[in-house]
1. Quick one: work out the % antiparallel among DSSP beta bridges in chain B, nearest 5.
2. Could you name the lysines in cross-link range of B:LYS326, using Cα to Cα under 30 Å and dropping any fewer than eight places away on the same chain?
3. With a cut-off of 20 Å, note down the residues of region B:275-307 whose backbone N falls inside the zone around a label point 7 Å from the Cα of B:ALA328 toward its beta carbon.
4. Going by Cα centres, region A:85-143 and region A:149-167 are how many Å apart?
5. Could the peptides B:305-315, B:172-182 be put in order, highest first, of the mean number of other beta-carbon atoms found within 10 Å of their residues?
6. For region A:55-264, just say rounded, prolate or oblate: build the C-alpha gyration tensor, square-root its eigenvalues into a ≥ b ≥ c, call rounded for a/c under 1.5, and beyond that prolate if a/b exceeds b/c, oblate if not.
7. Just counting partner chain Cβ atoms within 10 Å, what average do the residues of peptide B:160-169 show around their Cβ?
8. Please give the Cα centre distance for region B:102-118 versus region B:265-330, rounded to the nearest Å.
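The values are calculated or read from the model by the stated rules, or taken from the named source; none is laboratory data. Keep in mind it's a predicted model, so treat the numbers as computed, not measured. Ideal geometry is used to build each Cβ from the backbone, glycine not excepted, and the neighbour counts take in all protein chains shown. Protein only, heavy atoms only, side chains kept; ligands, DNA and RNA dropped before computing areas. Shrake-Rupley method; radii C 1.70, N 1.55, O 1.52, S 1.80 Å.
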Amino acid sequence: MENQLKYSQANEDSKLNITKVGPKTSLLFFRIISFFLVFLIWELAGRSDISIAFPPFSKVFLAFIEMILSGEFVEAYADSLPPLLIGLLITVVGGVIIGVSVGLVRSAEWFIMPLLIIFQTAPVSALIPMLTYIYGISDTSKIVAIVILGMPLVALNSYKGIQSTNPSLLEMSASFLASRTNTIIFVILPSAQKMIFAGLRLGISGAFIGIVLAELLITPTGIGDLITYNRFIARYDKMFATIVSILAIAGLTLSLMRVFEDWLFPKEKN
Amino acid sequence: MVYLIRKILATVSFIISLLATSSLAYADDVITFAEADTITGESLINLIAFERAKARGVNAEAISLQSDDLVFQAVLNGQVEIGVGSAYAAMQTLGADAPVRNFYQLKKLGFLCVVNKNEIKSWKDLDGKPITIHARGSGTEAISYYMEKVHDIKFSEMSFVPGSEVRGVALMKGTINATFLDITNTRLVLASDPDKFGILDLGDVDGSDSLLFARSDFLKERAGDMQILLEELMRSAREINADPTLPARLREEMGLLPDLPQELVDEITPYFETAVKQGMFAEDGGGLPAALGDFDFLVASGGLKGPASNLNPDNFWNFELLEKAKSALN
């Protein structure tokens, strides 16, 4: 009887395992298939006679490996990463602080919100050349470009997250006589977490757009230089490889952000 | 449901008619010249030629694109007919199969090395110092490498700041001490403080600043129209060499660049006087001597992989059209 129970328990567990693992593996499988399909279409399009300026994926992949081995990427990213990381740090920390503060302190709202909305809607690529008049052609211009593109997204989403806290949760914490600090830490922030992280992901994407735009528009250094120079000498395979490298790093950063979010706020188990 | 289908059909037909109209608008016979520079008084040498070609039944227009590489890409993809600039490096990468060829030298290099005299008095003073240039692969980069060889110096850094006007402002603000500027901006910087700013002699730099290039199939297809344009371009270069005040005069007579601000209008004649004095406008469209000169200069400066004697001019130039235009004009 006991054995039977154990067996049925194990059976249940294995069923559970199947249901847990199944969707994850199939998701990974479909993701790989989706990448494979995109690369296949790219390869076919590149091999058809669209334009010399559009090389097939295989050529871009080889250029990518060549650029890693020759140290071109290392050299370019050594130029681009410092302003990108500083800009990202300011975007993430500053954006969350501003968004959360505006959400919590009503009096700050009227002052900061219009600025955030203006920067969110402004055509930033038109503003970037103007930054050179204020900050010159230094790294500061690049950092400011990153912050202008990324921070409003983080701040506005964090603000919306705080604002959309379920009122019944707030009433509950009030009825339990929770202090303001406890309400913020245990009720408001966890409730706003999804929106804050959605904002962070958008902000990080914005930051990557910012660094590329700045390096293309202000002064061609780092990855911006790799793009413009390789386009200039018609090494379109290397130009696309650079773009792919940026996409890969941006994708990796966003995935790390997802892992960080899962670690900070583990998903509730059924 | 029927209502929804009707709405969708209406939207689709609207989009199709919009696309049809826009493609009709594109399907004209205007030959577009694209350059990575704003169209100002300096472009009058082409604009006068376009106006005269128009009278002979050939329509041409000039547009500005953001950078030289974009110009080359637009020509390569057939989005514009003629590119203005220098695309030797790209042509070398694409090799003999490159579908694009140079066919006319519009301008020779006309840059001047402008420096802060308080800091730099000769080329030797620039040894170990930074220099600011237009962009990687640009004419100014080629000149920098050439000067390093000629004067046996080594710049500590070459920083890229696209646009002569931006580099001119940086020089005046004191952010940089040495850079290459075009004639107009050199004049503006020198005029701002003649005691502070000066020019370092570039010696004998003989390279092309702006060449005309196009797809070979286009040059074949529109050979007649292109011959007329080349004849008019050469005619306007010869007339301007004989009389540098001509562009300013013809601008008014032909009504060209009507919106040009007065301060830039005032710069037209001084620019052409200096440019003519420097021999920037070849009277015969460059051709083989220009190609060979460019090979020597660009190989020496690292802009092309050499040796120069191994480079085949036919892989970079189409001389046929120019020769025809020259004999027709002479």
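1. Values: 19 of 33 bridges.
In chain B, DSSP labels about 60 percent of beta bridges as antiparallel.
2. List returned: B:LYS54, B:LYS107, B:LYS108, B:LYS220, B:LYS277.
3. Label zone hits: B:282-288.
4. Answer, in whole Å: 14.
5. Sorting B:305-315, B:172-182 by mean packing, highest first, produces B:172-182, B:305-315.
6. Note, shape of region A:55-264 comes out prolate.
7. Mean shielding by partner chains, rounded to a whole number: 3.
8. The distance from the Cα centre of region B:102-118 to that of region B:265-330 comes to 13 Å.
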